[in-house]
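All of the numbers you see were taken from the coordinates with simple rules; none came from a lab. As the structure is a prediction and not an experimental result, all values here were calculated from the model. Counting neighbours? That spans all protein chains shown, and the Cβs are built from the backbone with ideal geometry, glycine included.
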Amino acid sequence: MAVFNINKREIECKIVYYGPGRGGKTTNLEYIFKAYKKQVKGEMVSIDTEGDRTLFFDFLPMDLGKIKGCDVRVQLFTVPGQVQYSSTRKLVLKGADGIVFVADSMDIRREKNMLSLKDLQKNLKEYNLSIFKVPLVLQYNKRDLAKDGIPIMSIEQMDKDLNRQLKVPAFEGSALNGDGVGPTLQACMRLTLQSLQKQLKWAE
Amino acid sequence: MQSGVVFSGDLEYLNLGELIQLIGSNGSTGMLRIISKYVENPGLIYFREGNPINATAGAQNGLEALYALFGWTEGDFEFVRQTVDVKHIIKSSRMEIILEGLRLLDDGNIEVKGAVSVDIDGKEPGKDPLPLIRGPMIDYMDVVAEEEYQDGQPIVNEGKHGVWIWVILEGKIKICKETAEGMAPLLNVGAGSFIGSMSSFSAEGYVRSASAVASDRVILGVLDRQRLSHEFSTFSAEFKNVLLSLDNRLKQVTDLALSSKKNMQEAQKKLKDKKLIIKEGSEKKKLFSIRHGKAFIVKKLPQGQLVFCELGPNDFVGRIPFLNIGHEPDSAAVYGTEDLEMDALDTNALAQEHSRLSGTMANMVENFSNFIAATTDIALNIEKKQ
């Protein structure tokens with residue numbers, strides 16, 4: 001749920017990077033933080049959670065225009081995968097306006113991807129969000145591993161596993177080199193803002 | 001509302017992390033007061049233009065106090081709009097504080113000020129920590145004398161007769177039970193918890209069902225049993241039965257938590273030919289009193305069924321509107337014998353009676369419910385591990 005700040009004439013919305021542990025969520029955010037430095041507002045918060053780090057920073061999207069004359073500020077988060085971090089997960093996911101699901105292309109992570117997506121659906125449901133309605137974008141990460149001879153899944157396979165019912169935009173990525181990171185975020189922000197504009201029309 | 005309070009509410013609805021976000025995006029200046037019934041003085045957080053700059057919680061202040069306040073998960077908050085002239089000690093960013101506070105909470109590094117928490121301080125090496133049950137702040141009205149016990153000294157012995165009831169003023173007590181392998185610790189209880197039983201208000205020659213041993217220097221408040229017994233005697237028969245039936249449940253789940261028997265196989269035998277009365281997860285609001293026959297409170301686990309307790313005439317079955325003991329209908333089902341007959345109880349009348357209880361009596365009832373919920377959890381965890 002985006003927050004409208006009348007005083008600052010600003011809309012604050014939240015995009016969350018979700019996905020299996022070590023699949024590349026934090027790498028995505030680290031790349032954005034470095035490569036789009038001018039659009040980043042403030043410092044990156046990095047919390048050491050077991051298994052994965054939890055990251056956060058504010059991002060000012062360009063070329064997306066204003067909503068009702070208000071600037072848009074996007075809070076970017078990763079969410080810790082471990083079950084024990086329920087308080088953090090709740091804070092991050094509650095009221096998420098858009099979600100990027102970062103899947104791991106490695107063959108051996110096939111099951112982990114599917115479990116994590118199921119888990120996302122379950123968690124969203126707890127906060128009254130539907131995975132079929134929330135603005136969602138997939139990223140098939142680690143495509144670069146193929147050239148090192150590491151077995152990875154085909155795009156068709158991953159589409160079949162993860163996107164058969166969802167039918168949302170999916171991007172190939174290699175977050176370590178930054179490939180696909182920008183387009184993934186752009187697509188998610190566009191869907192998120194479209195959805196916010198739709199909600200605003202209803203409110204009128 | 002106190003003067004200057006611009007918004008207030010329940011922490012279980014809006015937790016500290018969400019509050020800091022809200023005050024932050026609003027850019028507010030003022031003081032956030034966190035009020036917990038498990039802590040004597042409220043915790044305070046000072047904000048300037050949306051950013052927390054200082055905090056106090058008990059003897060702590062600054063960032064340390066602010067993190068400690070993430071553990072105050074039950075209670076109320078009030079935001080007072082005012083100018084703040086405290087020292088600007090906290091420099092971390094809002095989101096860093098929120099995410100780090102919640103991580104510390106989830107990692108078990110912050111003490112939770114609530115009815116039931118995990119006793120990290122009292123953990124014995126090589127063993128899982130026991131649950132720690134606290135009570136609300138003590139109503140000194142009914143404390144007639146104080147007693148002091150040293151670490152390791154027994155307070156109550158299982159199987160002995162006794163009707164005294166105490167409230168823990170300071171320190172921690174271990175609740176244990178005799179098993180084939182010797183004394184087994186069940187849980188730890190801390191300040192505000194009661195030692196004793198509802199039955200001691202009604203039955204003559206009540207027998208203690210568990211032992212209590214001081215696990216550090218303990219100060220107990222002896223309660224005015226005469227005053228409390230008199231209060232108990234004014235309750236309606238239905239309300240008395242509900243309270244005594246809670247005692248019955250606590251005894252049975254305690255035995256279950258410490259039994260080394262094959263509980264699931266026993267359950268299968270017990271539940272043969274029994275019919276389902278209330279489904280687990282049912283939203284039914286009704287409460288019944290058993291007139292005839294037997295009822296069984298049953299939890300379904302992946303490996304089989306577990307009978308929490310076996311109930312008979314005058315015991316209650318169903319949802320108590322003012323208490324949560326972690327049983328039916330939300331977290332367990334009810335089965336009955338063929339000849340089971342029950343009468344519906346007037347839950348509104350019971351809730352009204354509950355709202356008129358004295359402070360001490362209300363605290364006792366809440367504390368015993370927490371005992372039942374925590375002990376049931378222990379029993380469940382043991383079965384899940386097997």
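Assorted remarks:
- Taken one residue at a time, the phi angles of segment B:179-190 give Karplus couplings (6.51, -1.76, 1.60, θ = phi - 60°) of 10, 4, 8, x, 6, 10, x, 10, 7, 9, 10, x Hz. Gly and Pro are set to x.
- Cross-link pairs beyond the 18 Å C-alpha cut-off, checked among A:Lys90/B:Lys284; B:Lys113/B:Lys172; B:Lys240/B:Lys299; A:Lys68/A:Lys201; B:Lys177/B:Lys251; A:Lys94/A:Lys133: A:Lys90/B:Lys284; B:Lys240/B:Lys299
- The 3J(HN,Hα) values that the Karplus relation (6.51, -1.76, 1.60; θ = phi - 60°) gives for segment A:146-163 are, in residue order, 4, 6, 8, x, 7, x, 10, 7, 6, 4, 4, 4, 5, 4, 5, 5, 10, 10 Hz. Gly and Pro appear as x.
- In chain B, the DSSP-assigned H stretches of four residues or longer account for a calculated mean residue ellipticity at 222 nm of -9000 deg cm²/dmol, using -39500 (n - 2.57) per stretch and the full residue count as denominator.
- The slack in the chain from A:Lys37 to A:Glu126, taken as 0.36 nm per residue of separation less the alpha-carbon distance, amounts to 28.6 nm.
- Highest mobility in the GNM of chain B, judged by mean-square fluctuation with C-alpha springs under 10 Å and restricted to B:Asn263, B:Asn367, B:Asn248, is found for B:Asn263.
- Under 15 Å of direct C-alpha separation, and excluding same-chain neighbours fewer than eight residues apart, B:Lys294 reaches these aspartates and glutamates: B:Asp273, B:Glu310, B:Asp315, B:Glu338, B:Asp339, B:Glu341, B:Asp343.
- Debye log10 I(q)/I(0) for the protein assembly as shown, one point scatterer per Cα, at q = 0.05, 0.06, 0.08, 0.10 Å⁻¹: -0.28, -0.40, -0.71, -1.02
- Shown is the FRET efficiency for B:Leu14 and B:Glu310, computed with R0 = 56 Å from the Cβ-Cβ distance and rounded to the nearest 0.05: 0.85.
- Taking amide H as placed 1.01 Å from N in the peptide plane, B:Asp315 has its amide H under 5 Å from the amide H of B:Ile290, each at least 5 places away in sequence or on another chain.
- J(HN,Hα) series, segment B:273-290, from Karplus relation 6.51 cos²θ - 1.76 cosθ + 1.60, nearest Hz, glycine and proline x: 6, 8, 9, 6, 9, 10, 6, 5, x, 5, 9, 4, 9, 6, 10, 10, 10, 6
- Student exercise, segment B:134-176 dipole from Lys, Arg, Asp, Glu Cβ charges, in Debye to nearest 20: 260 debye
- By the combined test of axial Cα extent (at least 24 Å) and Kyte-Doolittle hydropathy (mean at least -0.5), the qualifying DSSP H helices of chain B come to B:237-258, B:359-385.
- In this structure the amide hydrogen of A:Ala170, modeled in the peptide plane, comes within under 5 Å of the amide hydrogens of A:Leu138, none closer than 5 places in sequence on its chain.
- Antiparallel bridge percentage (DSSP; both residues within segment A:41-171; nearest 5): 60 percent
- Annotation: the residues B:His230, B:His354, sorted from fewest to most other C-beta atoms within 10 Å of their own C-beta, follow the order B:His230, B:His354.
- The spread of Cα positions in chain A, taken along each principal axis and listed from longest to shortest, comes to 54, 34, 32 Å.
- The alpha-carbon of A:Lys112 sits under 16 angstrom from the alpha-carbons of these aspartates and glutamates, leaving out residues fewer than 8 places away in its chain: A:Asp52, A:Asp104, A:Asp159, A:Asp161.
- Simple rule: put +1 on each Lys or Arg Cβ and -1 on each Asp or Glu Cβ in the protein assembly as shown, find the dipole, and look at A:Asn123, B:Ile173, B:Phe296; the Cα lying farthest toward the positive end is A:Asn123.
- Cα centroid separation, segment B:74-117 to segment B:164-223 (Å): 33 Å
- Of the cross-linked pairs A:Lys38/A:Lys147; A:Lys37/A:Lys66; A:Lys125/B:Lys279, those separated by over 28 Å at the C-alpha level are A:Lys38/A:Lys147.
- Under 5 Å from the amide H of B:Leu11 lie the amide H atoms of B:Gly75, B:Asp76, B:Phe77, each residue being 5 or more positions distant or on a separate chain, with H modelled from the backbone and absent for Pro and chain starts.
- Overall shape: prolate for chain B, with the ratio a/c of the largest to smallest alpha carbon gyration tensor axis at 1.5 or above and a/b above b/c.
- Each Lys and Arg adds +1 at its Cβ and each Asp and Glu adds -1 at its Cβ; summed about the Cα centre, chain B shows a dipole of about 860 debye.
- Sorted by Cβ neighbour density within 10 Å, fewest at the top, the residues B:Thr56, B:Thr83: B:Thr83, B:Thr56
- For segment B:1-116, the alpha carbon convex hull comes to 98 Å³ per residue, rounded to a whole number.
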